[in-house]
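Structure first, commentary second.
The values are calculated or read from the model by the stated rules, or taken from the named source; none is laboratory data. Here the structure is a predicted model, which is why all the values come from computation and not from measurement. Because the Cβ atoms are built from the backbone with ideal geometry, glycine has one as well, and the counts that use them run over all protein chains shown. Calculation scope for accessible area: heavy atoms of the full protein, side chains included, ligands and nucleic acids excluded. Shrake-Rupley method; radii C 1.70, N 1.55, O 1.52, S 1.80 Å.
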Amino acid sequence: MCGIVAYTGAQEAYPILLRGLKRVEYRGYDSCGVALPHSERVQVYKDLGAVDTLKGTPDGIQGNTGIAHTRWATVGEPSQANAHPHSDCTRRIAIVHNGDIDNFLDLKQELQDQGHSFSSQTDSEVIAHLIEREYDGDLKAAVTKATARLEGSYAIAVVAAGFPGVVVMRKDSPLVLGLGNGENLAASDAPALLERTKRVVYLEDGDLAVLRPESVELWRNGAQVELTVQEVAWNVTELDRAGYPHFMLKEIHEQPRVIRDTLAGRISLTDPRATLPIAAHKAPSRVIFIGCGTSYHAALTGQYFFSQVSPLPVNAYVASEFDPAPGTLRDTWVVALSQSGETADTINAIRKARTAGAWTVAVTNVMSSSITRATDDVFYMQAGPEVSVAATKTFMAQLVAVYLLAMHLAPRSTALAELVGELRAMPSKVQRLINAESQIKALAAKLTRYDHMFLIARGINVPMALEGALKLKEVAYLHAEGFAAGELKHGPFALLGLNTPVIAMAPHDGQYPRMLTAIKEIKARGAPVTAIAFQDDTELERFVDDVLHIPVAHPLFAPWLNTVALQLLSYSIAELRGLPIDKPRHLAKSVTVF
Ligand code: F6R
């Protein structure tokens, strides 16, 4: 993963690079660094830790051009030596890299045999030495020749002593240019540029650009091309915490707005079949949802919902496990869910889907992200930038998107019309639940002392058991497992006892009697049980230790409320435990590696 930023202009580069780096810190934060070229050498400052560690760098740093990096370790442990930027032997060249170089061991050996000496264990350092070998004063030519030797993925930014600019290039890792006034920038993601400019150019695979303060030149397949300039829709103010202690809480609270915005213009009371922001395409005979992590849980919810409203066969797959045989998916829509639009496993699965003959749609939150180029069409969610590493509001936007998709393909019916009414009611129901946050905080105070937890549900709420467990693991560092309630007795029962609380989602739906049976069986084994139930449920409290109430909703919409309750619970436990909620250890928001 990793985040990169580059600047060249009239201002001091260092503070601009650091502010940009903070905006891409969600991509990794185990170490960081900056390089500024001078006439004879490139000065490199780097350290272990997140971007704020660089604030302590001594005064006297000067330069109007530079590159910066925040790392999520792939090859080589997090350490100062492995932090980027990496330099060549002469310290005249420095590079930052996001991606993976598959053939780096062979290249390293070749370069070492030629006398190059290495200072790190990373794959990235070979890029600096390859450029050094090719460099005769023409940095663009050296980068072109050096990258021709690379196998794998890369977004790189390169500076050289005496060169008043930056050379950047990408292949299978994201890179966007920012066009400013007398200054130009590049970064892994547009938010890093927003403080300086909203005018951006998204690079394609194989693009190389030379940035100077007054100009940007772009080469594609060796030929110079015009820049396609776009305006970023997001505002820099959306990237602030707006008074919340953490981005995660802010983003949870934004969900009523996110539902409204993602629904806007898509549903009407006169036609229950949703309108989609994708071009009309031949109706499919089968639908497949794919995604990773939280996005997979949205895919799975899509599968459950779809099968309730449409007779079409539908499946959900973890993207990394999706491997259809060529030619087997004709007349199939493959809907790929990815908030970042950069997840390598998902993009790889899309390629396989297309080889198998499918028509592919991306559901993503990030404009011009890699996934949008890999699919036939795009459904942009309207969640706004999500900064916290844990996905919350984008998960909600994905739920809205998959429901709309199903309601687009479903046959007209009165049941469908009823769902339209409920869709419109959901923003205020989610808001009511958020307003009742204090009941969740009280529950968090009870549960925070446990090390293990189970979450159970049936039917369309099973993905919420999985998603709730994922949130508890990633932000509260609590070992939690989600199960279909019926499965618990087939093995996990052996672990139940006084110290293994169980959260049981039991909305009043067709599954309720069986959930009640499961709860009684669990109680009989001594485990404390908390039920998440509709507000009007008066029965459950007789059988469980605690009830967390959610607003009454159509049973197919209970997952939306259950997930908000579990997001708030995970957040509250993490807060009580004093954890780094927005940047959990070992994680990154954008997973661009396999
Ligand atoms: C968990 C989380 C991850 C992502 C997963 C896929 O909160 O954020 O599990 O859902 O890495 O990411 P995207 O949606 O960007 O493809």
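Figures for the structure shown
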| read-out | value |
| --- | --- |
| Heavy-atom accessible area per residue - the chain, 1.4 Å, Å² | 37 Å² |
| Area accessible to solvent at E321, 1.4 Å probe radius, in Å² | 140 Å² |
| MRE, 222 nm, helices only [DSSP H, n ≥ 4, -39500 (n - 2.57), over the chain, to nearest 500] | -10000 deg cm²/dmol |
| Computed label-point distance, nm, for sites T355 and S428 using a 7 Å Cα→Cβ extension | 5.1 nm |
| Using a Förster distance of 56 Å, the FRET efficiency for Y244-D113 (Cβ separation, nearest 0.05) | 0.55 |
| Whole-angstrom gap from segment 301-353 to segment 434-466, using each part's C-alpha centre | 29 Å |
| Segment 3-237, relative contact order [Cα under 8 Å, separation at least 6], % | 21 percent |
| Semi-axes of the equivalent ellipsoid for the chain, Cα gyration tensor, largest first, Å | 45, 27, 21 |
| Surface share of carbon and sulfur [accessible, 1.4 angstrom probe, percent] for segment 98-137 | 39 percent |
| For the chain, share of DSSP beta bridges that run antiparallel, in % to the nearest 5 | 60 percent |
| Local electrostatic count, G76, Cβ distance below 11 Å [Lys/Arg +1, Asp/Glu -1] | -3 |
| Heavy-atom accessible area ranking, 1.4 Å probe, most first, across V75, V232 | V75, V232 |
| Relative contact order (percent, whole number), segment 498-550, Cα cutoff 8 Å, 6+ residue spacing | 38 percent |
| Residue order for S268, S388 - accessible surface, 1.4 angstrom probe, largest first | S268, S388 |
| Förster radius 45 Å - calculated FRET efficiency between E521 and E418 (Cβ-Cβ, nearest 0.05) | 0.85 |
| Sequence of R241, R585 when ordered by accessible area, the most exposed leading, probe 1.4 angstrom | R585, R241 |
| Lysine pair count for segment 3-237 [Cα-Cα under 23 Å; pairs on different chains or 8 or more apart] | 10 |
| Amide H partners (placed H, <5 Å) of D138, local residues excluded | none |
| Accessible carbon and sulfur surface of segment 436-585 relative to its total accessible area, %, 1.4 Å | 54 percent |
| Relative contact order %, the chain, counting alpha carbon pairs below 8 Å whose residues are six or more apart | 12 percent |
| Stretch gain in nm, segment H38-H452, where the contour uses 0.36 nm per residue and the Cα spacing is subtracted | 143.6 nm |
| Proximal lysines to K446, defined as alpha-carbon separation beneath 27 angstrom and excluding residues fewer than eight positions away on the same chain | K250, K393, K429, K471, K473, K489, K520, K523, K583 |
| Partner aspartates and glutamates for K352 [C-alpha distance under 14 Å; skip if fewer than 8 residues away on the same chain] | E321, D323, D376 |
| Pair E321, E77: separation of 7 Å Cα→Cβ label points (nm) | 3.3 nm |
| Estimated dipole of the chain in Debye, rounded to 20 [Cβ of Lys and Arg +1, of Asp and Glu -1, Cα centre] | 1160 debye |
